[in-house]
Amino acid sequence: MGNISSCCDSCFRSRNSQSYEPLLLENEREAVADLLQYLENRTTTNFFSGSPLHALTTLSFSDNVDLQRSAALAFAEITEKEVRPVGRDTLDPILFLLSSHDTEVQRAASAALGNLAVNTENKLLIVKLGGLEPLIRQMLSPNVEVQCNAVGCVTNLATHDDNKTKIAKSGALVPLTRLARSKDMRVQRNATGALLNMTHSDENRQQLVNAGAIPVLVGLLNSTDTDVQYYCTTALSNIAVDGSNRKKLASSEPRLVTSLVQLMDSTSLKVQCQAALALRNLASDEKYQLEIVKADGLHPLLRLLQSTYLPLILSSAACVRNVSIHPLNESPIIESGFLQPLINLLSFKDNEEVQCHAISTLRNLAASSEKNKLAIVKAGAVHSIKGLVLDVPMNVQSEMTACVAVLALSDDLKGQLLEMGICEVLIPLTNSPSSEVQGNSAAALGNLSSKDGRAASDDYSAFNDVWEKPEGGMHQYLHRFLSSPDATFQHIAVWTIMQLLESNDPQLMSNIRSSTLLVPNVRELAVSRSVTPTSSTGGTPHSHHSQARSYQETETGDGQGEIQELARKILYIVDGDEKVDDKVLPASSTSSHVQPGSSVGRESNASGMDHEELRRSVRDALGSSARGKYH
C-alpha cells in the first residue's frame, strides 16, 4: 500500500504557528487539539468511534487541504497498525478524502482504504458505499504512488466473491489491464493480482478477455518478477478453463505453450506448479495435447512428477493425464520414461487424486497400442494394481479396474494376467458398493475369458481355480449379475458365460451345466422381457464382429433382445438339442470383448468406437476432473 511516515504530530504542530492560526475554524482548531492528544496516547485510543473518529471526520471534511492531508495520513497510519470491521461513519470521511484533487490526500486515503479492505466485512461495505468509482479515478492518476495504492485496494476488494461481478461491471478491468504493463513493479504486481482475482467465474473471465487481458497476461509470463509470473500463469490457467477462451488463445498466442513449458523450470515452486496446471487446462483440447509434446514439455513434466513436493506432483500428474488422451502422445510419453514414476505413484496413499491421475494415464497409454500394453505390464503395473486395488479409495478402484479391463483386451497378455492371479482381486470387486467398480471388474473378467481365434492349447484353468473362491468366486459373481435388475450387468454375465462355454474347457463346462444358481437364471432371461433398460456403469458387452448393438446403443429394446439371444445360445450348449420357446438355436459366439464401464474413457477404444468418437467420449468422461480452476 505504500509506506506512510509517522508525521501526523509534526503536521498538526506546524499548524499552531501564528500565521496559520487564523485560517482554522473553531471546530477545526478543537479537532486538531483533540487529535494531537489522542495521538499521544495512540496505543490505548480507539480511533474508529467516539471523539477520536469525530476529530478525524472534522478534519477530513475541512476545506483546508492541509487538514485533509493530516486526516488522510492519520487514517493511513492508524489502519496500517490496526484493522477491524468499521462502519459507514469511518468509511465516509475516507471516501470523501479519496475524491480530493490533492495527490498527497489521494495517496494516503487510498492506502487507508486498502488497509481496511483486508477485512471481509469492510470489503463489502466499501463497494456498497460506492468506493469503486473514486478508486477507478485514482487508477488513472499520473502519480505512481496513487496508482499503486488504488490498484492494491481493488485487489483486496476483488478477493470477495460478492464483489467480483460489481468490479467487472464498474469499468475497472480496462485500467487494471493497462496498469499491468506499468514500469513500476509494485503497480504491476497489484494489477496482475487484481486480474487474477477476477478470473474465478465464467462471466468475469469473459469480461476480462473482452478488456484485452489475454495478450497482456501472456506477455508478462516473461517478466523477471516471480510474483507477476505466478499471477499471470494462474490467471491464464483459469481463463483456459473455458473452451471458447482456449480457441482464442490458440489463434492469437502462438508462444503460450513454449512460455509455460519454460516456466516449469522456474526457480519458484509456485510458478512451476501453476505452469503445469495451466498446461493441464490447455490440454483439454487436442491441439494443445500435441503442442505440449512438440514444445518438449514432457521432460519438465517428468521432473515435476518425481518431485517430493505434493503440489508439483499433483499438477504434473494432472497435466500428463490430459496430454496422454491423444493417441499420438502414447508412445512419446512411454519413451520419455514415465512408466515407472507413474506406477510408483499408484501407491501414493497421501493423495487420492494423484493415484487417480497416475492410473488414468496408464490406462490412456494402453489404449491404442499392443506394444504399449505389453510395456505397461512388463513395467509392473498389474503387479502393483493387484497389491493395492482392494485397499485404495473407491475412485481409485474404479480407475484401476478400468485399466485392467483395457489391458485384458490383449490376447497376448490374457494368459500372463491370469497367471498373475488378477482374478483373485477382480472377483471381490464385482460386489463393490460402487456400480462403476462392479462393472469395470466384470468387464475385465469378461475380456480375460474371451479370445479371438481360440486354440486347443488355451489354458482356462485359472477360471476353475476361482470358481468358488474368493468370496463365492466366479460362480457367485455371475449369479449376482444374472439376477441383477440392471440390464447391463445381465448382459455382461450372459456374455461371459458364453465365452467360458466356448473355451470347451471340460471343467468349466461342467461347472456351468451343474450350477443350480446360473442355469435357472439363464432360463429366465431366455424368455424374460422385464429387465431394467438402463445401465449404472455405462459399459456393455459388445462385439467387433457381430452386427448386434450394445444395450445402451438403443432405446427400443435391442439390448434386451441380445441378452435373450445370448441366454438361449447358452441353453443350447448346456442342454444340447433341447428347444427353448420351440426354437433350436445354433451355438456361436456373439461377441469377443466386453466394453468396460464409462469411467474407462478412451481406453475403451477396443470396443469398436472410432478414434474421433473415442476422444470425444474421453473429454466428456473427464469433465471436471480435466478442467479445474486453480486459484
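Quick test for you: out of Leu312, Leu345, pick the one residue that is touching a residue at least 12 places away in the same chain (Cβ under 8 Å) and under 21 Å from Leu407 (Cα atoms). Residue meeting the stated conditions: Leu345. The set of residues from segment 468-514 being within 21 Å of Leu390 (Cβ to Cβ) and surrounded by fewer than 21 Cβ atoms within 10 Å (Cβ to Cβ) comprises Glu468, Lys469, Pro470, Glu471, Gly472, Gly473, His475, Gln476, Arg480. Looking only at residues in segment 265-275 that are polar (S, T, N, Q) and surrounded by 20 or more Cβ atoms within 10 Å (Cβ to Cβ), the one that is nearest to the chain's Cα centre (by Cα) is Gln274.
Does segment 422-438 hold any residues that are in a loop (DSSP other than H, G, I, E, B) and either over 17 Å from Gly472 (Cβ atoms) or free of Cβ contacts under 8 Å to residues at least 24 places away in the same chain (or both), and which are they?
Scanning segment 422-438 gives Ile422, Ser434.
Look at (1) at pLDDT 95 or above; (2) among the hydrophobic types (A, V, I, L, M, F, W, C); (3) part of a helix (DSSP H, G or I) and you find that Leu390 fails only one, number (3).
Just a yes or no: is a residue in segment 237-245 at pLDDT below 95 and either out of contact with any Lys or Arg (no Cβ under 8 Å at 6 or more places or on another chain) or surrounded by fewer than 17 Cβ atoms within 10 Å (Cβ to Cβ) (or both)? Looking through segment 237-245, at least one residue is at pLDDT below 95 and either out of contact with any Lys or Arg (no Cβ under 8 Å at 6 or more places or on another chain) or surrounded by fewer than 17 Cβ atoms within 10 Å (Cβ to Cβ) (or both).
Is segment 215-231 home to any residue that is surrounded by 22 or more Cβ atoms within 10 Å (Cβ to Cβ) and under 19 Å from the mean Cα position of the chain (by Cα)? Checking segment 215-231: at least one residue is surrounded by 22 or more Cβ atoms within 10 Å (Cβ to Cβ) and under 19 Å from the mean Cα position of the chain (by Cα). A search for C-beta distances below 6 Å between a residue of segment 503-518 that is of a type in the set (D, E, K, R) and any residue that is surrounded by 13 or more Cβ atoms within 10 Å (Cβ to Cβ) and in a loop (DSSP other than H, G, I, E, B), counting only pairs 6+ apart in sequence or on different chains, returns Asp505/Tyr460. Do we have any residue at all in segment 434-442 that's surrounded by fewer than 18 Cβ atoms within 10 Å (Cβ to Cβ), modelled with pLDDT under 95 and out of contact with any His (no Cβ under 9 Å at 6 or more places or on another chain)? No - not one qualifying residue is present in segment 434-442.
Within segment 54-66, count every residue that is part of a helix (DSSP H, G or I) and either among the aromatic types (Phe, Trp, Tyr) or surrounded by fewer than 24 Cβ atoms within 10 Å (Cβ to Cβ) (or both).
Filtering segment 54-66 down to residues part of a helix (DSSP H, G or I) leaves 54-60, 65-66.
Going one step further and asking which of them are either among the aromatic types (Phe, Trp, Tyr) or surrounded by fewer than 24 Cβ atoms within 10 Å (Cβ to Cβ) (or both), we end up with 54, 57-58, 65-66.
Residues meeting the conditions: 5.
The values are calculated or read from the model by the stated rules, or taken from the named source; none is laboratory data. Bear in mind that the values here come from a model prediction, so they are computed numbers and not experimental data. A quick note on method: Cβ atoms are made from the backbone with ideal geometry, for glycine too, and the neighbour counts reach across all protein chains shown.
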